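Enquirer: First, the structure itself, so that you have it in front of you.
The values are calculated or read from the model by the stated rules, or taken from the named source; none is laboratory data. None of these values were measured; they are calculated from a predicted model. Backbone-built Cβ (ideal geometry, glycine too); neighbour counts: all protein chains shown. Please note that ligands, DNA and RNA were not included when accessible areas were found on the heavy atoms of the full protein model with its side chains. Shrake-Rupley method; radii C 1.70, N 1.55, O 1.52, S 1.80 Å.
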Amino acid sequence: MPEGRLFIGTKMYSSWSLRGWLAVRLAGLEVEEVVIPLAGGSTEAVKAATPAGLVPYLEHRGARVWESLAILEYCAEHHPAIWPADPAARATARSIAAEMHAGFRGLRMAMPMTILNRFPGARRTPEALADIARIEAIWREALLDSGGPFLFGAELTGADIMFAPVACRFLTWQPELSATSQAYVDALRAHPLMRRWYDEAAAEPAEWRLPKYETAELA
Ligand SMILES: N[C@@H](CCC(=O)N[C@@H](CS)C(=O)NCC(=O)O)C(=O)O
């Protein structure tokens, strides 16, 4: 019997939904999944179903949670292993998760998540490349400390969840990456929950495709 609902957008495109979904699935919350096809901004069905007009949005045992970082924290209350056990590592993990949540607009604007497509080498804007350099520095430092394959060791944490859509973007747009970053992207892609998300995205109806995310050309 489901204990609530998780509202998300089109799996092909909705990067924030992927974060909320990974957290909820990793925590094992029993919720019904409501997938709303996105219209490319201001989707009426999203506005009608969610407090902030954005997905992801979680309802669980009377709690109403929106914003992906808040959903991550809610899930961590049910599944503490979402954050590293060591307090110093946990502080770093929360810092980089917050940095991802608040920033990297250059990357997000130039290289949207469109996971069924491959556009190698396209849209390497200066702003995107600057963001990628910072992301690679974050990953390098964490992976060096932890030994990988995930940022804080053997298990997926909230920091990995926040960067999972970045791995999707890198698989599509294929900017030049260090061997360390590429290995991390491949580890994320191989995680069972990511495999499930990609499979479910591939099964979405063709009518949900949005032309602006199906091309390497900038509008
Ligand atoms: N800060 C929000 C961002 C959520 C967001 O921008 N979601 C997009 C989809 S990826 C959305 O709902 N857009 C409205 C729409 O497409 O109608 C979060 O962390 O959850």
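Enquirer: Show Ser181, Ser146 ordered by accessible area, largest first, where the area counts protein heavy atoms only and the probe is 1.4 Å.
Expert: Descending order: Ser146, Ser181.
Enquirer: Here's a follow-up. Considering only protein heavy atoms and a probe of 1.4 Å, how much of the accessible area of region 4-80 is carbon and sulfur, as a whole percent?
Expert: Carbon and sulfur atoms account for 51 percent of the accessible area of region 4-80.
Enquirer: With a Förster radius of 25 Å, plug the Cβ-Cβ distance of Glu200 and Ala48 into 1/(1 + (r/R0)^6) and report the FRET value to the nearest 0.05.
Expert: E(calc), rounded to 0.05, equals 0.60.
Enquirer: Further, regarding this structure: Give me the tail of P(r) for region 83-198 as a percent: Cα-Cα pairs with distance above 25 Å.
Expert: Tail fraction, whole percent: 16.
Enquirer: Each residue of region 42-57 in turn: what ³J(HN,Hα) in whole Hz from Karplus with 6.51, -1.76, 1.60 and θ = phi - 60°, glycine and Pro shown as x?
Expert: Values, residue by residue: 6, 5, 4, 5, 6, 4, 6, 9, 10, x, 9, x, 9, 10, x, 9 Hz.
Enquirer: Taking 0.36 nm per residue of separation and subtracting the Cα-Cα distance, what length does fully extending Ser95 through Leu129 add?
Expert: Gain on stretching Ser95 to Leu129: 10.1 nm.
Enquirer: Okay, next question. What does the accessible area per residue of region 1-56 come to in Å², with a 1.4 Å probe and no ligands, DNA or RNA counted?
Expert: I get 39 Å² per residue for region 1-56.
Enquirer: What list of ³J(HN,Hα) values in whole Hz, one per residue of region 117-126 in order, does the Karplus curve 6.51 cos²θ - 1.76 cosθ + 1.60 (θ = phi - 60°) give from phi, with Gly and Pro shown as x?
Expert: Result, ordered by residue: 9, 10, 10, x, x, 7, 6, 7, 6, x Hz.
Enquirer: Quick one: compute the contact order of region 4-80, relative version, from alpha carbon pairs under 8 angstrom and 6+ residues apart, as a percent.
Expert: 39 percent
Enquirer: For region 102-110, what does the Karplus curve 6.51 cos²θ - 1.76 cosθ + 1.60, with θ = phi - 60°, yield as ³J(HN,Hα) per residue in whole Hz, taken in order and with x for Gly and Pro?
Expert: Running phi through 6.51 cos²θ - 1.76 cosθ + 1.60 with θ = phi - 60° gives 8, x, 6, 5, x, 5, 5, 6, 7 Hz.
Enquirer: Using heavy-atom solvent-accessible surface (probe 1.4 Å) with all chains present, what is the largest-first order of His79, His191?
Expert: The residues order as His79, His191, largest area first.
Enquirer: Might you report the magnitude of the Cβ-based charge dipole of the chain about its Cα centre, with Lys and Arg at +1 and Asp and Glu at -1, to the nearest 20 debye?
Expert: Charge dipole, the chain, about its Cα centre: 360 debye, nearest 20.
Enquirer: Taking the dipole about the Cα centre of the chain, with the C-beta of Lys and Arg at +1 and of Asp and Glu at -1, give me whichever of Tyr184, Gly41, Pro126 is farthest to the positive side.
Expert: The listed residue farthest towards the positive side: Pro126.
Enquirer: So for the chain: antiparallel DSSP bridges make up what percent, rounded to the nearest 5?
Expert: Of those bridges, close to 65 percent are antiparallel.
Enquirer: With n ≥ 4 as the cut-off for DSSP H runs, can you work out [θ] at 222 nm for the chain, using -39500 (n - 2.57) per run divided by the number of residues, rounded to the nearest 500?
Expert: For the chain, the value works out to -16000 deg cm²/dmol.
Enquirer: When all C-alpha to C-alpha distances in the chain are sorted into bins of 5 Å, what percent of pairs does each bin hold, rounded to whole numbers?
Expert: So the P(r) values, bin by bin, are 1, 7, 15, 19, 21, 18, 11, 6, 2, 0.
Enquirer: Hey, another quick one. Probe of 1.4 angstrom, ligands and nucleic acids ignored: what's the accessible area per residue over region 83-198, in square angstrom?
Expert: Per-residue accessible area for region 83-198 comes out at 42 Å².
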